[in-house]
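Working notes, beginning with the structure itself.
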Amino acid sequence: MSDEMGVNDFIDALSQRIVSYLENSDSPGKVVDFLPASSLRKVTDLKLPLEGRGLNSVLDDIDEYLRLCVKTNRAGFMNPLWGGLSLSGFAGEIIANLSNTSMYTYELAPLATLIEQTIISRVGEIIGYPQCAGSLTTGGSNGNMLGVLCARQAMIPTSTQDGFDGREMVIFVSEEAHYSVLMAANVLGIGHRNVVKVSCDDAGRMKPTALEYEIEFARKEGRTPFCVVATAGTTVRGAFDPIKDLADIAHREGLWYHIDAAWGGSCLFSNQLSSLMNGCELADSICWDAHKMLGMPLICSIFIVKDKSILGRVCAHGDSAHYLFHEDTEDVDLGRYSLQCGRRNDALKLWLAWREKGDAGWAKLVDKYHALSNYLEERVNQETSLTMMSSRQWTNICFRYDPQVEGTDLNALNIEVRERMMQGGQFMFSRANIGDDVILRLVISNPKVSEQSLDQLVDDIIKVGDEIINGIPA
């Protein structure tokens, strides 16, 4: 191909690379050829040139990127709360980028606006909100911040205009809640000190009695409780807080009740697992990430609020944008319910995938992941050198290698087990803490995972652990 590569030639060459990448995910191979950052810098050309190198060089750079990237669509990828690839979602991502619109007005994104409104309405129905408003956001962290913002607006209706002193405002979260609530407190001027981490039971769920105590204690200190954030699917254990019990307390105390369902919200599609979120219709707001268990390309996250007017007032800064928003499109312009102005079309990929799968398809996917998680837990329990470190509600499996050798530093041992597994590159999973214990955390949310790949994972962890115990170098 010449330097004057045409559009068709370039797209053909790009398409060949995409197909090859997808086909290779079914072949034996590593999740990643792991290199430390210092080594990777030395073996790759990252320079930005003064003179452009043309489209041929783009293809070369793509080849290098795909060679070195983490293969998140391989069966061995079980590290974060997402994985795999939805082809229909991928198609939606391509078309959204190709059409390159923004979601702040109906004028700019007519069909995309109606698609997003359809998704928001349908998710509201699933939650149990007859009326709702919402927005697709940059992720669960942004959704949690919106929940706290709405809580502030409900408690202090003038705060959007006049500002507020957040130094005595208190948010209550589980001690195993996602760190994004701390981010929200930082951004909103509330401060980390005023995020109270409520104690959990042995399964990692917020204790209602502890919440009642912390609310009472905060008031005795002269502070102002205003928001409770429950977690439906904690990051490490996948625990679900007692949704209904916490709702009863929050509303009795006059507090806004937000649910971080970024990870666990997909349980609502499953007949056997939806009870994990019983009472979610009582929440004032909820966030949920479709890019996690449903496998949408990052990012695809939804924030929903029961009271449309509160979100509208939180986002009323857009009223000053006379060059964008006009009275005749007030009911359809999505920018009136978003913190962002320019915002990508993340609704299309979810809409296409949902129309491909239907509710029944999502339910089947969720149930499949849960069954595989049961299988892995059973395998762990069958092995004398592996120990489950937490009970399980969702598809997080927390365990560690324990050879039952007296005097062994199990934390150091499991850190090394994971490091060697990372270097081997066949599997990628995370390391976390439960209390003072270092554990291995695997998450099943990848359609490539199978019983066979889980058997290989267990065998490899035991093999690596035994090698460390026996002094065999990596």
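The values are calculated or read from the model by the stated rules, or taken from the named source; none is laboratory data. Because the structure is a prediction, the values reported are computed rather than measured. As a convention, Cβ positions derive from the backbone with ideal geometry for all residues, glycine included, and neighbour counts pool all protein chains shown.
Being assigned to a loop (DSSP other than H, G, I, E, B), without any contact (Cβ under 8 Å) to a residue 40 or more places away in the chain and surrounded by fewer than 23 Cβ atoms within 10 Å (Cβ to Cβ) is a property that ASP331 has.
Does HIS258 meet the test of being free of Cβ contacts under 8 Å to residues at least 24 places away in the same chain, in the same structural domain as GLY139 (by TED's automatic domain parsing) and under 15 Å from ASN144 (Cβ atoms)? In short, no. Annotation note: of LYS364, LYS349, LYS357, the sole residue that is exposed (fewer than 15 other Cβ atoms within 10 Å of the Cβ) and basic (Lys, Arg) is LYS364. Scanning region 82-91 for residues that are aliphatic (A, V, I, L, M) and at pLDDT 95 or above gives LEU87, ALA91. For region 297-311, how many residues are assigned to a helix (DSSP H, G or I) and either modelled with pLDDT of 95 or more or surrounded by fewer than 22 Cβ atoms within 10 Å (Cβ to Cβ) (or both)? Looking only at that region, the number is 3. If the condition is being more than 20 Å from GLN393 (Cα to Cα) and touching a strand residue (DSSP E or B) at 6+ places or on another chain (Cβ under 6 Å), then region 174-196 contributes VAL181, LEU182, ALA185, ILE190, ASN194, VAL195, VAL196. Filter region 423-448 for residues that are surrounded by fewer than 19 Cβ atoms within 10 Å (Cβ to Cβ) and of a type in the set (A, V, I, L, M, F, W, C) and give the result. Result: ALA432, ILE434. Under the condition of being loosely packed, with under 13 Cβ neighbours inside 10 Å and within 27 Å of GLY89 (Cβ to Cβ), the residues counted in region 13-43 number 8. Does GLU176 satisfy the criteria of being under 17 Å from TRP263 (Cα atoms) and surrounded by fewer than 24 Cβ atoms within 10 Å (Cβ to Cβ)? When the stated conditions are applied, GLU176 passes them. Please list, ordered by first then second residue, the pairs with beta carbon atoms under 7 Å, 6 or more apart or interchain, first in region 277-289 and in contact (Cβ under 8 Å) with a residue 12 or more places away in the chain, second charged (D, E, K, R) and assigned to a strand (DSSP E or B). Correct list of pairs: CYS287/ASP260.
One line per residue, one yes/no per condition, for (1) buried (at least 21 other Cβ atoms within 10 Å of the Cβ); (2) under 17 Å from the mean Cα position of the chain (by Cα); (3) small (Gly, Ala, Ser):
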| residue | (1), (2), (3) |
| --- | --- |
| PRO242 | no, no, no |
| ASP245 | no, no, no |
| ILE259 | yes, yes, no |
| TRP263 | yes, yes, no |
| SER274 | no, no, yes |
| ASP284 | yes, no, no |
| GLY295 | yes, yes, yes |
